[in-house]
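Written out below as structure tokens is the structure these notes cover.
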Amino acid sequence: MIEDWDVDHLVVGAGATGLAFADALVDHGDASVALIDTRPGPGGHWRDAYPFVRLHQASLFYGVASTRLGGGIQQSGPERGLHERATGAEVRAYFEAALARLEGTGRVIFRGGVTHRGGGVVDAEGTVVARTRRGTRIVDAHHLAPTVPAVTPPPFTVEGGAAVVPVGKLDEHLDARRIVVVGSGKTATDAVVHALEAGVPPDRLTWVRPRDPWMLDRARIQPEPAVFQTMAADVWEAAAGAGSLTALFARLEEAGVMLRIDRSVTPTMAKAPTLARWELELLRSVEDVVRLGHVHAAAPGRLVLERGEVALPARTVILHCAADGLPHPPAVPVWSPEAITLQPIRAGFPCFGAALIGYVEATRSGDDAKNALCPPTQYGNTRAQWAEMTLRGAASAAAFMGAEDVREWARGVALNPARVPRGYASPALDEARERIARSSPAALSALARLAVATA
Ligand SMILES: Cc1cc2nc3c(=O)[nH]c(=O)nc-3n(C[C@H](O)[C@H](O)[C@H](O)COP(=O)(O)OP(=O)(O)OC[C@H]3O[C@@H](n4cnc5c(N)ncnc54)[C@H](O)[C@@H]3O)c2cc1C
């Protein structure tokens, strides 16, 4: 039987952004929502994450606006004093609870194992199981969904006999004679750190890094206004004086904002996840780094790369960490006749962006007015894209912070990294604000130039 869903919004994707959107939409208006996902439950890519995954940022920056995810300061361990970061299990439990809260309102339904196609909701066999009414707005909550190694084959040929496993299987292969980590992103750095912490000596690890990454010092990206704004001031001043992308990132490194693993190599990748200094020290202990471009094929006894081959001993395991955790399709207007497409608005914070779009959708009419408040940003990949994201993020923040109610809402939402709670005061914050204001004109014009630069 085909169900008729009399809902205002059909949210396609029940991961981080779909839930953050629905949460803010429902809390600030009377909309009804159907949330659907091809996966069986909520939580998106976290349902397929490797066992030792954690958020790379503070928990407070992630999730939905109504309910904080964790939020305490770490009292022990190498990140003592920094905000806590949830484990994969904690993120999954949090999203289950977030969905239960939404369903509890009586205005939200969830259906897993289905997608939206040809105007209907269809199951895996393509059978239509539900229809929405005329006027239901479709919300694309998977435009920037990450691909993860557990459910995405490696982006290279695997010849018979080569032992290639997804990152989630690392614990089963810690005693391999050699572990070859393929990838330069957050997943690969997590894998290297985990293997070393589990007792694998650095000289049993080979790390294939097609590009070296720039990463943000986690201690600088904290939900503490003075800390976050001081970091922003450093970025602004670094940009203001930078004549090239290489100079920009060198200045950011000098200011303690950006980190790189190998100081003798100029990284060209700038997805810029956060990294802690203790992790950096561990990553630097791996000396067998292969920089021969992307892997083309894994064969027994050898790895074929863009610019050469590497011989591998028997009992080598190749760890697939090469899925695209932060895809970069072009930014599109959030509101269009076809769909509301969830994207980050303030640079680099997808949950805040989705929640903001939910709030604006609940409180405004007219797509042009909504689009004017929420110009989207993309994720970074190259250094120029990072500059572009930073530039666009600044313009977007100015746009939505120009509306008094949005400003007030954003001030109360922990997902907003730049929020300054009412009553918060600190000389360091005042100083950071002054530095930002002083360097802003030069920084913006430099970023505009660097966003289209090649070196
Ligand atoms: C290991 C890892 C760690 C990360 N850590 C952080 C962090 O600390 N902080 C941070 O801000 N970001 C982090 N990110 C990035 C972040 O999780 C994502 O950018 C974003 O928040 C994911 O939200 P999403 O809703 O776009 O994707 P997802 O959470 O993956 O949700 C998208 C959902 O859409 C579903 N879907 C896709 N297509 C369809 C379809 N056609 N029909 C129905 N359903 C569909 C998918 O099954 C999925 O469940 C991390 C990413 C990874 C991979």
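The values are calculated or read from the model by the stated rules, or taken from the named source; none is laboratory data. From a predicted model like this one, the values you see are computed outputs, not experimental measurements. Please note: Cβ atoms are built from the backbone with ideal geometry, for glycine as well, and neighbour counts cover all protein chains shown. Heavy atoms of the whole protein, side chains included, go into the accessibility calculation; ligands, DNA and RNA do not. Shrake-Rupley method; radii C 1.70, N 1.55, O 1.52, S 1.80 Å.
Values computed for the structure shown
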read-out: In region 128-151, the residues that are farther than 25 Å from Asp6 by Cα and open to solvent by 40 Å² or more (accessible area, probe 1.4 Å); value: Ala145, Thr147, Ala150, Val151
read-out: Residue in region 440-449 that is open to solvent by less than 20 Å² (accessible area, probe 1.4 Å), in contact with a Pro (Cβ under 8 Å, 6 or more places away or on another chain) and part of a helix (DSSP H, G or I) present; value: no
read-out: Complete set of residues in region 71-84 that are within 19 Å of Phe228 (Cα to Cα) and open to solvent by 20 Å² or more (accessible area, probe 1.4 Å); value: Gly71, Gly72, Ile73, Gln74, Arg80, Gly81, Leu82, His83, Glu84
read-out: Only listed residue being within 14 Å of the ligand (Cβ to nearest atom) and of a type outside the set (Val, Ile, Thr), chosen from Asp368, Asp324; value: Asp324
read-out: Answer from Arg101, Arg85, Arg111, Arg68 - the residue that is modelled with pLDDT of 95 or more, away from the ligand (no atom under 11 Å from the Cβ) and either within 20 Å of Thr132 (Cα to Cα) or in a loop (DSSP other than H, G, I, E, B) (or both); value: Arg68
read-out: Complete set of residues in region 163-190 that are hydrophobic (A, V, I, L, M, F, W, C) and either within 16 Å of the ligand (Cβ to nearest atom) or in the same structural domain as Gly88 (by TED's automatic domain parsing) (or both); value: Val167, Leu170, Val181, Val182, Ala188
read-out: Candidate set: region 377-425, residues that are of a type in the set (Asp, Glu) and over 27 Å from Pro329 (Cα atoms); chosen: the one surrounded by the fewest Cβ atoms within 10 Å (Cβ to Cβ); value: Glu404
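The rows are residues; the columns are (1) within 11 Å of the ligand (Cβ to nearest atom); (2) outside the structural domain of Gly348 (by TED's automatic domain parsing); (3) out of contact with any strand residue (DSSP E or B) (no Cβ under 7 Å at 6 or more places or on another chain).
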{"residue": "Val7", "(1), (2), (3)": "no, no, no"}
{"residue": "Val11", "(1), (2), (3)": "yes, no, no"}
{"residue": "Ala14", "(1), (2), (3)": "yes, no, no"}
{"residue": "Ala20", "(1), (2), (3)": "yes, no, yes"}
{"residue": "His28", "(1), (2), (3)": "no, no, yes"}
{"residue": "Ala34", "(1), (2), (3)": "no, no, no"}
{"residue": "Gly44", "(1), (2), (3)": "yes, no, yes"}
{"residue": "Arg47", "(1), (2), (3)": "yes, no, yes"}
